[in-house]
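Quick one: the structure is below, questions incoming.
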Amino acid sequence: MGKANGRIGGMLWGYSLDCAMENNYINGRFGGAVLGNDMRLESSPEGDRLWGRIGGDVIGKNLEIALEGDKAYGRLGGNTFGDDISLHGTEKITGRVGGVAIGFDCNINVSPDKSKLTGRLGGTFVGADVSLILEDFPPMIASILAATVYKIYLEKARSRN
């Protein structure tokens with residue numbers, strides 16, 4: 001069984017991520033026990049697709065990702081109200097979530113032993129640090145989850161303002 005856990009953002013204003021992968025299923029939680037969200041995802045046996053639900057059945061988002069070698073691309077949310085996800089790399093995972101104007105860059109470093117992810121989502125001033133510990137968990141999938149968590153919390157912050 002693989003695990004990924006850590007923080008997206010700092011200790012005070014960040015978001016936790018804690019999930020486990022077993023038999024092609026990823027289950028976990030992000031954000032915290034009270035104000036957080038569940039995730040229920042499935043990976044194809046071939047490892048070329050990732051899909052499922054982030055958040056609840058009513059207030060949540062679908063995640064549909066295709067995985068091809070060192071590339072991942074797909075969508076968070078629906079066709080009308082959703083965001084594209086496009087990441088690539090093995091030792092450094094880079095890419096973009098959302099569009100050119102309303103979106104953010106991903107710059108995530110994978111440790112040589114694939115046990116840690118560190119880096120940044122968003123820009124230098126407006127963004128969040130990534131600090132995740134991986135135990136037998138694919139770095140690309142952990143990067144997708146980190147970017148997804150950050151995107152959902154950006155939307156929640158906008159809706160509060």
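Coordinate-derived values only; no laboratory data. Quick caveat: nothing in here was measured; it's all calculated off a predicted structure. Methodologically, a virtual Cβ is constructed for each residue, glycine included, from the backbone with ideal geometry; neighbour enumeration extends over all protein chains shown.
To the nearest 20 debye, what is the magnitude of the charge dipole of segment 2-160 about its Cα centre, counting +1 on the Cβ of each Lys and Arg and -1 on the Cβ of each Asp and Glu? Please list the in-between numbers first.
Numbers: 18 positive and 19 negative charges, 123 e Å.
My answer is approximately 580 debye.
May I ask you to derive the FRET efficiency for residue 27 and residue 115 from their Cβ-Cβ distance with R0 = 35 Å, giving the value to the nearest 0.05?
Once the sixth-power term is evaluated, E becomes 0.95.
Segment 1-56: which GluC sites (Glu not before Pro) are DSSP loop and have at most 16 other beta-carbon atoms within 10 angstrom?
46
Give the lysines whose C-alpha is closer than 16 Å to that of residue 71, dropping any in the same chain fewer than 8 places away, or say none.
92
Report the Stokes-Einstein translational diffusion coefficient (µm² s⁻¹, integer) for segment 2-160, Rh taken as the Kirkwood radius over Cα pairs, at 10 °C with viscosity 1.306 mPa s. List each step's numbers first, then the result.
Details: Rh = 15.3 Å.
Reported coefficient: 103 µm²/s.
Let me ask another. Ratio to report: Rg/Rh of segment 81-150, with Cα atoms as the point set and Rh obtained by the Kirkwood method; give two decimals. Spell out each step's value before the answer.
Values: Rg = 11.6 Å, Rh = 12.1 Å.
That ratio is 0.96, to two decimals.
Rounded to the nearest 0.05, what FRET efficiency do residue 46 and residue 101 give with R0 = 35 Å and r taken as the Cβ-Cβ distance? Could you check? Provide the component values of the computation, followed by the final result.
Details: r = 35 Å, r/R0 = 1.00.
Efficiency at R0 = 35 Å is approximately 0.50.
Rounded to the nearest 500, what is the 222 nm mean residue ellipticity of the chain from helices alone, with -39500 (n - 2.57) per DSSP H run of 4+ residues and division by all residues? The partial results should precede the final answer.
On the way: 1 runs with 22 residues, N = 161.
Calculated at 222 nm, the ellipticity per residue is -5000 deg cm²/dmol.
How high is the relative contact order of segment 2-160? Use alpha-carbon pairs under 8 Å, at least six apart in sequence, and give a whole percent.
18 percent
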